[in-house]
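Below: one structure, written as structure tokens.
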Amino acid sequence: MSRADIAAAILWIGATLYALFGGADFGAGFWDLVAGFDERKGERPRGRIQRSLVPVWEANHVWLIFILVVLWTAFPEAFGAIMSTLYVPLALAALGIVLRGAGFAFRKSVQRLEYRRAMGAVFAISSLLTPFFMGTVVGAIAAGHVPAEGNGAAFSSWLQPLPLLTGALFVASGAYLAAIFLVADSARAGDAEMESYFARRALWAAGVAGALALAGVFALHSEARYVFDRLTAEGLPLVIVSGLCGLAVLVLLLRGARRGLRPLAAGAVVAVIWGWGVAQFPYLLPTSLRIDQAAAPGPTLDAVLIVFVIAAIVVLPALGLLYWLSQRELLED
């Protein structure tokens, strides 16, 4: 395995962690949005979401910065091509992140009810739109709509069936992960009503995500044949693992079991992401720019690998401690 391949694997690790933690974070905002406009009806689920998110919501998005830095440093040609082609959905996603953070921060501190509702609406709607636009970026890359030289079509590159389906799948997957995590949080808090509330929503989200994934397979066949062929060959074992993990989650939810829900749900998502990586290999931009062609010079890649090792030693234990304390509700809101 070359240094460029290792750097690409590091990039995929970052994407995996952001899909898990950032995706669940966005999904919690989705459930906040659909909790209802009745203040009393939505108070309990929103309270559970607030208690689960507050200690870790900023840490969940560290991985987005990690992805951007690794992509920019280790694969500058791919970074330039993506940014110059997909700047519209990327700008909309960035705007959504800013508005989402502002809405989440201010809705608790403002005093007037109408302002608090407005800030809550900004947070919740941004939680829906931001992962959607991020998904369209991923779908456009997988479909080969980003030319290696960059400056591709600003709108037709992502306003296509596969990117739009991928955007919808990002929203549904985040909602699915968030519901599973909130089931476990509610069970740990001894709140049987909220546990049942989020379990029902996890089942619905799983069904929607499964339907979108199936539709995405057909879109892959028509728009991204290279990725489709490798996904149904080299990537097939990971697709099967994802399906089995998803089925196991459904069985546990229907039986009322809670042990193992989180790792199985995470496993389903991780397997899909790495299946996509296997299917896209050896390209960063199918089928126009390979990993070795996009890679930075050797000394730059060496620096990326060294920094990654240092970060893994220093940052990962700190994040692990943060999540451990959060799960035991030892952190203040």
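Annotations
- Those residues of region 278-296 which are open to solvent by less than 60 Å² (accessible area, probe 1.4 Å) and in contact with a Ser or Thr (Cβ under 9 Å, 6 or more places away or on another chain), in sequence order: Ala279, Ile291, Ala295, Ala296
- Test for Pro89: is it open to solvent by less than 20 Å² (accessible area, probe 1.4 Å) and modelled with pLDDT of 85 or more: yes
- Residue check for Ala268: modelled with pLDDT of 95 or more and either crowded, with 21+ Cβ neighbours inside 10 Å or small (Gly, Ala, Ser) (or both): no
- Listed conditions (1) among the β-branched types (Val, Ile, Thr); (2) open to solvent by 30 Å² or more (accessible area, probe 1.4 Å); (3) within 22 Å of Gly23 (Cβ to Cβ) are all met by Val110, apart from (3).
- Lone qualifier among Ile313, Ile273 - being open to solvent by 50 Å² or more (accessible area, probe 1.4 Å), β-branched (Val, Ile, Thr) and either part of a helix (DSSP H, G or I) or touching a Phe, Trp or Tyr at 6+ places or on another chain (Cβ under 9 Å) (or both): Ile313
- For Ala118, the requirement of being open to solvent by 40 Å² or more (accessible area, probe 1.4 Å) and among the small types (Gly, Ala, Ser) is met.
- The condition (being small (Gly, Ala, Ser), modelled with pLDDT under 95 and closer than 19 Å to Ile180 by Cβ) is satisfied by just one residue among Ala215, Ala257: Ala257.
- When Ser196, Ser186, Ser222 are checked against the criterion of being over 20 Å from Val278 (Cα atoms), surrounded by fewer than 20 Cβ atoms within 10 Å (Cβ to Cβ) and of a type in the set (Ser, Thr, Tyr), Ser196 stands alone in meeting it.
The values are calculated or read from the model by the stated rules, or taken from the named source; none is laboratory data. This is a predicted model, so every value here is computed, not measured. Note that each Cβ is placed from the backbone with ideal geometry, even for glycine, and that neighbours are counted across all protein chains shown. Side chains included, ligands, DNA and RNA excluded: accessible areas come from the protein's heavy atoms. Shrake-Rupley method; radii C 1.70, N 1.55, O 1.52, S 1.80 Å.
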